[in-house]
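The values are calculated or read from the model by the stated rules, or taken from the named source; none is laboratory data. Computed from a prediction, not measured in an experiment: that's the story for all the values here. So basically every Cβ, Gly included, is an ideal-geometry build from the backbone, and we count neighbours across all protein chains shown. When the accessible area is computed, the model is the full protein with side chains, heavy atoms only, and any ligands, DNA or RNA have been set aside. Shrake-Rupley method; radii C 1.70, N 1.55, O 1.52, S 1.80 Å.
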Amino acid sequence: MGCKQSKAAGAAPQAQPNHPGVAISGKASNGAPAGPGSENAATRSTSTAVSASAATTKITNAHVGKGATSSKTPPLAKRNSSLTSKKSQRSDASTPQPPPQQPKRPSTPQLPHEASLYHYLLGGLTVDDAPTEQVVRARTAPFWNEARRLCQSDPSLAAYVDSHTRGTPLHVACSLGSSQIDDVSVADAAVACVHAILEACPEAASKRDGHNHVPLEGIFAGIFTAAKRRRARETKRTADDEDVTEDDDDVDISAPFRFRNPTAHLLLTRDPDSLLLRGKSLYKLVESLPDDTHPPLGPTALFLQILVDLGGATAAGAAAKGAATPSLSGINFDDFAASPEEDDVLALLYRRFVRQFDRSERFFAGDNSREEVVRHRERWKHAAVNTFHVIEWLLRRPRGTSGNIGNDGSKSGDGDNDDNDLLVHNAVRVGACPPDLLRYIVETNLESVAEKDSKGNLPLHYAAGASDADALIVNSGNAPPESYSKFLIDELLYAYPDGAGVPNADGVLPIVLAIESGKKWIGGGVRSLYEAYPAGLEDARLSDDHPIVSAMSFQSDGGDSVVTEMLGGQDDEEGTVHTAMDGGGGRRRKRTHRKKINKDESHDAIMFVQKPDSSVRDVVSTMWANEEDAGVQMLGCASLGRMATEAGSSDKDIASVALLGVTAVVNAMKNHPNEPAVQERACAALAVLAPADGVREVSFAASGAISSVVSAMQAHVSDATVQIEACRALRGIAAKGGAERATMVASVSGFTALINAMGAHPDDGDVQRETCLAMEVLTSFPDAYLPNIAGQAEPFLQAAAENFPDDCLKPAMAVREKLL
């Protein structure tokens, strides 16, 4: 279907006064009658594409409204002329007078008629003088109503393509509306204008400008601009020592998304394949979205739903390596997103979800049943729910993909997207769901782990049958480490152990799917499936030279495991490793860990996390997959600390490790609370990672890092090294996070832990120095809610200052002054 043509197509156009910045139909953009003032104000266009026309218009307007010019008249002649005029009025009052001669308006070069709508929209950034303030024209309904009238009066205008930018009226309308609209009624008028343009020229939704952008990307650009403004406000508030965690009620996202949502719907309905909404381009967009505290479904959640349902947006990678949406030229994406190797959209969203939920539980001074506190908590719970809705949608399989991404053997045809509402299945099928998110989904949907989809598959069948080739496809060529398969299988078996003995619709057991997909005995999770259902191995019909058979036959004859050797014999007689969580809200597990294993393969995880060339993602995945192994956790924490040190000194440099690393370190601490070596290395890693707190949703409060550090101090009060590293971690976290983080430390008995450390190690200068330095930072924020510990701390601070004056006198005196 082509663009609609004008009724007078081919005929010479009449005079067209529709210059950008010039009032049309005798009206200024604010609806007031056009006059010299409004014309002059309207000609202040910011578009370089029409600068020559604007300049000509200004020259023309310099003569408009001034009337005919006359030379000066001598005073006597003027008086005689006045008397004569009065006599003439008395004697010739009834005589009709000829109309005064109007000054001749100089001719103005006109823009081509076909460009009038395009340039009129470009003039949307012009500022008009309203009665009380100056208003950008694009923020007024009359501006959009006039643009719609232009398009409807001559539909051919919608097909114009600028010869320089290759932009179209639709490109301008989408970008202008997304970045400028701040009123609901204006948004409705702008959507009507976009609808008129698409009705006149449906293929405009697919046209690409000189930067290879489709009009939909203009909406994204407006979202990026709003994100920059938010960061600028937060930076200013931080510089002014304001609490940036307070609700920002001055910013309402309803109006801009009142334009963005229906416009995106219109564009994707016309061309659902105009944009590849995956990978890095999707990450950039999601990162720039604001917190949506509206009741679910909020505007941003609806926006993502439109992109998923109509545009095929998905957390799964592109179909081929390197396939991605062309970058938006003119936008510095370094300010918005990390590379896919450092992070992914699901990990970002889950950190946001945890941070928002944590804010909903924030403690306030005074009565926490006050109306403003209740409202705060309600709003942030809304935000968390909206974010999780986005996670659920992005976990769905892409529109038009085949149903056999999990290599489950069912070989379903293309376009089969049944069961897209099964959250656990989707989280497994996506290929690289972040470990902490996957665990949360499994634990909050336990009944779904035992549920089969329409093809007769449990989530375990998809986890077992996923091959490396599948991982490459769903992750745009970046396959997760092999240990991720072990993590997936272990999580699902922990929730539903009997699943190992359940065949799918084709009668195939999970262990058979795992062996056929090439998974290894330990690292691939085959052994976990075998231990859950040993009889299943018979169905695999393995030959004597199969690698799995070799791995099983290469078992040691009962020697100590790697964990036992490194940590001094913690296994019981059955080879069971006990894991537990501290009071931070975790769970307790008892994982079987047989001694008769292939010891060469058991060394792989320990060696892997120590490799200098291992990526952050690989180390983190290996730590999650081997969370019962204290040796892997200890060395993994040490590697993450080293990577953060080597990454650089800026917050963004350190964030490249912290994005995925913080939660892995915290998980190690919670799984091994009684291992001082793990706690020491973990606290040291958190101290190095602390500057990344607050970068791209990294939160040392919401992740449990603060409470885990304090728990380590409490559990190992006699271990000086643990106390030293923990104090450094608390000092770094408070130095970056300010009063809010200091309050959080106090709320989990952090000050008591610091005082206990000083009391337990009175002769250790390093412990005394680090505790004094930590307390100095924690007490330096006037707005922090701190306990009254002056009486408890006074003798220890005094002793530290006297015994170690070089290191402790100054910080101890500073703390005493603030406390007293």
Hey, can you find the accessible area per residue of the range 709-783 for me, probe 1.4 Å, expressed in square angstrom?
33 Å²
Taking a probe of 1.4 Å, how large is the accessible area per residue of the range 247-314, in Å²?
34 Å²
Contour minus Cα-Cα distance for L820 and R229 (0.36 nm per residue)
208.6 nm
Hey, if we sort H195, H546, H119 by accessible area with the 1.4 Å probe, largest down, what's the order?
H195, H546, H119
Along the range 705-712, Karplus-curve 3J(HN,Hα) (6.51, -1.76, 1.60; θ = phi - 60°) to the nearest Hz, with x for Gly and Pro, reads 5, 5, 5, 5, 5, 5, 4, 5
Per residue, how much accessible surface does the range 638-677 expose to a 1.4 Å probe? Answer in Å², no decimals.
32 Å²
Please give, to one decimal in nm, the separation of the simple spin-label points placed at D273 and R166, each 7 Å out from Cα toward the Cβ.
2.0 nm
For the range 739-820, one quarter of the surface area of the C-alpha convex hull, expressed in nm², comes to 4.5 nm²
How do the peptides 708-717, 740-749 rank, highest first, by the average count of neighbouring beta carbon atoms within 10 Å per residue?
708-717, 740-749
Output the peptides 750-758, 616-624, 267-275 sorted from most to least packed, where packing is the average of other Cβ atoms within 10 Å over each peptide's residues.
616-624, 750-758, 267-275
Would you mind telling me the share, in percent, of accessible area of the range 121-183 contributed by carbon and sulfur at probe 1.4 angstrom?
48 percent
Whole-Hz Karplus ³J(HN,Hα) for the range 359-365, in order, using 6.51 cos²θ - 1.76 cosθ + 1.60 and θ = phi - 60°, x for Gly and Pro?
5, 5, 9, 4, 8, 10, 5
Could you work out what % of the accessible surface of the range 751-794 is carbon and sulfur, using a 1.4 angstrom probe and leaving DNA, RNA and ligands out of the count?
47 percent
Order of 662-670, 380-388, 292-300 by packing, highest average Cβ count within 10 Å first?
662-670, 380-388, 292-300
Once you place label points 7 Å from the Cα toward the Cβ at E199 and E378, how far apart are they in nm?
4.0 nm
Under the 7 Å Cα-to-Cβ spin-label approximation, R208 and L809 lie apart by a distance in nanometres of 7.1 nm
